[in-house]
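Data first, discussion second: the structure below is written as structure tokens.
The values are calculated or read from the model by the stated rules, or taken from the named source; none is laboratory data. This structure is a prediction, so every number in the text was calculated from the model and none was measured. Backbone-built Cβ (ideal geometry, glycine too); neighbour counts: all protein chains shown. Surface areas here come from the heavy atoms of the whole protein model, side chains and all, with no ligands, DNA or RNA. Shrake-Rupley method; radii C 1.70, N 1.55, O 1.52, S 1.80 Å.
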Amino acid sequence: MIEKTRGGQFLVKETKCEAIFTPEDFNEEQLMMRDSVKEFVDKEIWPYKNRFENKDFALTVETMKKAGDLGFLSVAVPESYGGMGMGFVNTVLVCDYISGATGSFSTAFGAHTGIGTMPITLYGTEEQKQKYVPKLASGEWFGAYCLTEPGAGSDANSGKTKAVLSDDGTHYKITGQKMWISNAGFCSLFIVFARIEDDKNITGFIVENDSSNGISMGEEEHKLGIRASSTRQVFFNETKVPVGNMLSERGNGFKIAMNALNVGRIKLAAACLDAQRRVTTGAINYAVDRVQFNTSISQFGAVRQKIAEMATSCYAGESATYRAAKDIEDRIIARESEGASHQEAELKGVEEYAIECSILKVAVSEDVQKCADEGIQIFGGMGFSEDTPMESAWRDARIARIYEGTNEINRMLSVGMLIKKAMKGHVDLLGPASQVQEELMGIPSFDVPDYSELFAEEKEMIGKIKKAFLMVAGGAVQKYGPDLEGHQQLLMAAADMLIEIYMAESTILRTEKIAKNNGVEKVQEQIAMARLYLYNAVDIINLKGKESIISFAEGDEQRMMLMGLRRFTKYTNMPNIVALREIITTKLVDKNEYCF
């Protein structure tokens, strides 16, 4: 029996490659689902990309209805409410492959299936679920999510929208302003968050979209990207909502919002993956065909470096996203086997891996932006033109670093949640951090290690960069205690270390697993990508570790920690990264696409 680590435990426990799920592990059902979604996108979305860019909102609605007809809106919905009742990995898979052609459709799809439908399936009463979920699952109705206000963005619980109980106690009157509401222009219902009296926390409500009931909207927002995604302000003026439409309990809205965001974060990471694949493939196609100085530019080292790094970041994103998705799915199944309801099991399953969800949201959203940016650069002047898909991919990618909680918020959350888990005893940070302190005081070993097995040195390096994080985090907690949350720049730097550890380890483990299954010789390019990603990760950890240490340690303590950081980020055998990039790019150019 392979032991599964709990959320955040990847930092202090060794994970075997057999314990993780990879895209190479898709079963027949999942492969069929992936191919069906790809066929839908290639037929119904990609050919009409220009119409999406020209703000054809009607096309977005039409395409969403087609997705509903094919069942793609209902993958995560239980069968008892008209859904397909598939597992969490399938949900992530569909979100991945349906999102790559245009951010406009991706946003509409994500807002509807995630924050538009999911709060009802997870928090609704049986009556609410029977009434609303089948319509949402089929695409007969579309959902939207009203949380953000002019004065309440990242501080979601500070909203001013009010819900006042009527004199006869039959309904609430909701009054307030919401902004940046995706799907507002065509939705049938809203999930609305409002405050009752002077409650500490907001409350959630299911509100049907009826203009005769005090609901009005602003004009469509003119946005940098996701142009055919409907985004409007929504105004409520004493909008009547039956008391039976309260979602969960009074004052439970903030919890609903935060749990919805946890799920949204991993799904957002997935939604960035196929965009990276398509951008990388487009850049390779162009580089192969483009001739300068009588040579295909795909043969120029400066271009080959970009292609290798683009593919590597995509491969790493896939590795980490599907690892976490399966961990969540296994946790949900385990909870259900213990007697929990589907609602409770899914909520607790995702909550368990909230740290990983925040890590993924930050890492993959930033990687897709870099990927699109390099895609533009490979196209040169043509990349800046609307006649090529690169500039729209770049614009669409930009929003991913803002919604589902800004990347700054998610960085601080990842470290903050890890420390809270440690305080609850769910992750033992104190013991390993103390061992690192003892190791720093000792004399390092000068024995020559045996690196004959695949990834022997890389896995040792993963262990060392975990020690680097524990050293920095332990020192920071010791220095500041509960005041640590006020030192945001330190938290951000520590989060970058944490992110790179998870992403690099996931990439190494995925590659080790497929090498064991297929043979080392058949996966040389994946091995090169794993090593290249780790090399880049170690560089970032060294930089952010140094920044952190200098910010809070002085004198002998600082010198000792900097010495430890050098020890923990030092290779015995430095990889030749130029050679690694060449291995990767040669395969990509030969196949003329992202092929992993």
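The table that follows gives values for the structure above.
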quantity: In the range 515-528, the residues that are surrounded by fewer than 20 Cβ atoms within 10 Å (Cβ to Cβ) and part of a helix (DSSP H, G or I); calculated: K516, N517, N518, V520, E521, K522, Q524
quantity: Candidates K162, K200, K223, filtered to the one that is within 26 Å of the chain's Cα centre (by Cα) and charged (D, E, K, R); calculated: K223
quantity: Entirely in the range 313-419, the helices (runs of 4 or more DSSP H) that have 2 or more residues that are touching a Ser or Thr at 6+ places or on another chain (Cβ under 8 Å) and not aromatic (F, W, Y); calculated: 354-379, 390-398
quantity: Among the candidates K135, K43, residue that is in contact with a Leu (Cβ under 9 Å, 6 or more places away or on another chain), open to solvent by 40 Å² or more (accessible area, probe 1.4 Å) and among the charged types (D, E, K, R); calculated: K135
quantity: Matching entry among A504, A537 (being in contact (Cβ under 8 Å) with a residue 40 or more places away in the chain, touching an Asp or Glu at 6+ places or on another chain (Cβ under 6 Å), assigned to a helix (DSSP H, G or I) and buried (at least 24 other Cβ atoms within 10 Å of the Cβ)); calculated: A537
quantity: Check on R531, basic (K, R), open to solvent by less than 20 Å² (accessible area, probe 1.4 Å) and under 24 Å from V362 (Cα atoms); calculated: no
quantity: Filter result for the condition that a residue is under 23 Å from F254 (Cα atoms), of a type in the set (V, I, T) and open to solvent by less than 30 Å² (accessible area, probe 1.4 Å), over T175, T161, T148; calculated: T161
quantity: Residue match in the range 461-480 (condition: assigned to a helix (DSSP H, G or I), charged (D, E, K, R) and more than 22 Å from L562 (Cα to Cα)); calculated: no
quantity: Scan of the range 368-407 for residues that are touching a Leu at 6+ places or on another chain (Cβ under 9 Å) and either free of Cβ contacts under 8 Å to residues at least 40 places away in the same chain or under 14 Å from S154 (Cβ atoms) (or both), ordered by number; calculated: Y403, E404, G405
quantity: Selection from the range 26-40 of residues that are of a type outside the set (G, A, S), open to solvent by less than 80 Å² (accessible area, probe 1.4 Å) and in contact (Cβ under 8 Å) with a residue 12 or more places away in the chain; calculated: F26, Q30, M33, R34, V37, K38, F40
quantity: Count - residues of the range 1-52 that are of a type in the set (G, A, S), closer than 28 Å to Y502 by Cβ and part of a helix (DSSP H, G or I); calculated: 1
quantity: Top-ranked residue of the range 356-406 - restricted to ones that are in contact with a helix residue (DSSP H, G or I) (Cβ under 6 Å, 6 or more places away or on another chain) and at positive phi, ranked as most open to solvent (accessible area, probe 1.4 Å); calculated: E404
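Matching residues to (1) in contact with a Cys (Cβ under 9 Å, 6 or more places away or on another chain); (2) under 18 Å from F469 (Cα atoms); (3) without any contact (Cβ under 8 Å) to a residue 60 or more places away in the chain:
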residue: I409; (1), (2), (3): no, no, no
residue: L429; (1), (2), (3): no, yes, no
residue: F446; (1), (2), (3): no, no, yes
residue: E457; (1), (2), (3): no, no, no
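For every residue, the table says whether it meets (1) in contact (Cβ under 8 Å) with a residue 40 or more places away in the chain; (2) of a type in the set (A, V, I, L, M, F, W, C).
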| site | (1), (2) |
| --- | --- |
| L122 | yes, yes |
| E126 | no, no |
| W141 | yes, yes |
| D198 | no, no |
| N213 | no, no |
| E220 | yes, no |
| I226 | yes, yes |
| F236 | yes, yes |
| K240 | yes, no |
